[in-house]
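These notes concern the structure reproduced below.
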Amino acid sequence: MQDPDLIPTPLPRRNGWRPLEVRRIDRPSPLRLLAVLVGLSRMMARLAWMRLAGRWDSRTAARLLRGFLESMGGAWIKVGQILAMRNDVWSAAFCNELSLLQDRACAFPADQARRVIEASIGRRVGDVFSHFEDVPIAAASLCQVHRAQLRRRRAWVAVKVQRPHASAFLAYDVRWIGVGAALLDGLGLAAHLQWREMVRQMRAIIEEELDYRIEAASMQRLQGTLGEQGIYVPDVHEEYCSRQVVVMEFVEGVALSELLRVRGSDPALAERWMFENNIRRSKVAKTMMHSLFHQIFIDNLWHGDLHPGNILLLKNSRLAFIDFGMAGSLDVEYLNNYKMYIGAINSDKFMLAADLMLMLSGVLPPLNVHEVRQKIADALQRWKWRARMKNGSFSEKSLSSSTFEIGQITMAYRFAPNWTLLKLGRAYNAVDLAIGAFYPEIDYTAAIAEFHRAQAPRRMSQVVADGQKSMAESMTMASMHTRRFRENTLMVQPAQSPGGDLLAFTARTMRNLLAAGFAYLAAACLFQADPALIEDALGTGSGWYRLIAGFPRLDGDVWLVFLTVLGLTTLRFHTLARRLGRAPLRLPMPER
């Protein structure tokens, strides 16, 4: 039970509390696909116009994509979360913007929520709760949360209820997302991104989040480990939990996201509230960072989504964590190797760290290992220098910035995505974004060193001792593998004939012409659907506006077929141009 002495005073809201919009939930309509295609077409047209007009900006592009994904909700939110994990593909600005995805939605009526609860736990709502607030306190694309009081224990609880037909909506969306992934694979477009595997990972995440019994079990496990760190986790009332309902203690606290919003509009009010409740930003930031390290390296069980909305501030700089729908753990051998990797970075053994990173990456493509190893080591050394700078920004010093740079290197050499490392990177990035918004002045390297000093005499030494044999074997394997790779790799430059050069030039030219045509037609389609958008962007007096406005009017079905065929043809020529103009091949030498 929560300590009453740690309950903070309410945070004043300048605009008060606005109730959620309520809308009845029916089964997914067949027209949902049309709505997705229209929204996707409008977004793609804007992105294409930004590119052609020379106004391309990664953060703006990510903001447009984030708006589209938030408007679609459901599985599309998971698409954004998966894309945000791919720091080996996208820029840091792009991934950070997608990390701000807000899973929000209209609430559904109380009678639907009551039916879901009664069908899930097999009891009437009135028999379980003496008081049940029909107005939800939060709503997302998969669930909403009601405040209630248990009849038997008189305890106030938060009741998380899955949205009606959530499984049907997600199955519908995932099926069409899978069709899109299969199409990209069939076209050979960026095949190394493994589109089908990305969809498989999304399905696995959704299946876990749809079964609230998994979340309840994660809460119970993390309650013990986080409690040792002074972080509060709400009690779970297991007898009332099911696949669609989880009942947990209602924690009295202020979400970090809410405090950040208030601080943005009224910094003096936020500072007064923190002073009243003895909340020190430096201590809170250090607690968040040390807790994540403890969860990963000591407990091997971590909260996978510690964004500011899931972090509650209590009195005296104490914290509570909520929403355990995403939790992670590692294979013990992999964890030991990962510890060695982090230890090598802390000890400034960058070449050893690069060797371990190659081993952690799994199956490697044909490449010049010595070259990649050196680039990884250089990237780690640059990060260590940035982290030690007194006047550097937090984004330069954070650990996630090093993972971004290494991800770009592995992407350039066509490494297959390693989802274990990507999930770890997502956990780091979520905490980094929270700390960066709340206390960017933190000394990152000092905080890491302090954590290791604090843990060395206790669990860290015991864990290292228990895994010593496995780690020694892994170190030997890493040395053997990297030595063999370095000895048995060379670069081969394929010959390119004049005819091949001409074909590559032709393919690039056709791709560019088709892309320009697609952008023009997409703008014309957008103009016919909503002229105000083009008028605001170009002005009615420009030549581009007159050219777009003069295109013959077409029906929506004709536009859909027209743009689809032209888009697929453009993608096909893009793939052909990439293949004809590919970089030098890196092939392994035969064993001697």
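Annotations
- Conditions (1) open to solvent by 30 Å² or more (accessible area, probe 1.4 Å); (2) at pLDDT 75 or above: number failed by ALA75: (1)
- Screening LEU380 against (1) over 27 Å from ALA204 (Cβ atoms); (2) of a type outside the set (Val, Ile, Thr); (3) under 21 Å from the mean Cα position of the chain (by Cα) leaves a single unmet condition, (3).
- Checking each residue in region 226-246 for being surrounded by 14 or more Cβ atoms within 10 Å (Cβ to Cβ) and within 15 Å of MET1 (Cβ to Cβ) picks out TYR232, VAL233, PRO234, ASP235, VAL236, HIS237.
- Just one of (1) farther than 19 Å from MET219 by Cβ; (2) in contact with a Phe, Trp or Tyr (Cβ under 6 Å, 6 or more places away or on another chain); (3) crowded, with 20+ Cβ neighbours inside 10 Å fails for HIS303. It is (1).
- Region 51-69 residues that are closer than 19 Å to ALA92 by Cβ, paired with ones that are small (Gly, Ala, Ser) and outside any helix (DSSP H, G or I) (beta carbon under 8 Å, 6 or more apart): SER58/SER91
- Among residues of region 287-298 that are without any contact (Cβ under 8 Å) to a residue 60 or more places away in the chain and assigned to a helix (DSSP H, G or I), none has a beta-carbon under 7 Å from a residue that is open to solvent by 10 Å² or more (accessible area, probe 1.4 Å) and not basic (Lys, Arg) at least six positions away or on a different chain.
- Residues located in region 21-53, provided they are outside any helix (DSSP H, G or I) and either open to solvent by less than 60 Å² (accessible area, probe 1.4 Å) or touching a Lys or Arg at 6+ places or on another chain (Cβ under 9 Å) (or both): ILE25, PRO28, SER29, ALA53
- Scan of region 364-392 for residues that are open to solvent by 30 Å² or more (accessible area, probe 1.4 Å) and among the aromatic types (Phe, Trp, Tyr), ordered by number: TRP385
- Any chance SER395 is touching a residue at least 40 places away in the same chain (Cβ under 8 Å), open to solvent by 60 Å² or more (accessible area, probe 1.4 Å) and small (Gly, Ala, Ser): yes
- Among the residues examined, LEU314 qualifies as aliphatic (A, V, I, L, M), over 24 Å from the mean Cα position of the chain (by Cα), under 30 Å from GLU208 (Cα atoms) and surrounded by 17 or more Cβ atoms within 10 Å (Cβ to Cβ).
- In this entry, SER282 is excluded by the filter for residues that are open to solvent by 40 Å² or more (accessible area, probe 1.4 Å), among the polar types (S, T, N, Q) and within 22 Å of ILE206 (Cβ to Cβ).
- Within region 345-357, the set of residues being more than 16 Å from LYS423 (Cα to Cα) and modelled with pLDDT of 90 or more comprises LYS349, PHE350, MET351, LEU352, ALA353, ALA354, ASP355, LEU356.
- Only listed residue being closer than 29 Å to LEU226 by Cα, touching a residue at least 40 places away in the same chain (Cβ under 8 Å) and touching a Ser or Thr at 6+ places or on another chain (Cβ under 8 Å), chosen from MET326, MET340: MET340
The values are calculated or read from the model by the stated rules, or taken from the named source; none is laboratory data. This one's a predicted model, so the numbers in the text were calculated from it and none came from an experiment. Virtual Cβ from ideal backbone geometry, glycine too; neighbours counted across all protein chains shown. Note: areas computed on protein heavy atoms with side chains; ligands, DNA, RNA excluded. Shrake-Rupley method; radii C 1.70, N 1.55, O 1.52, S 1.80 Å.
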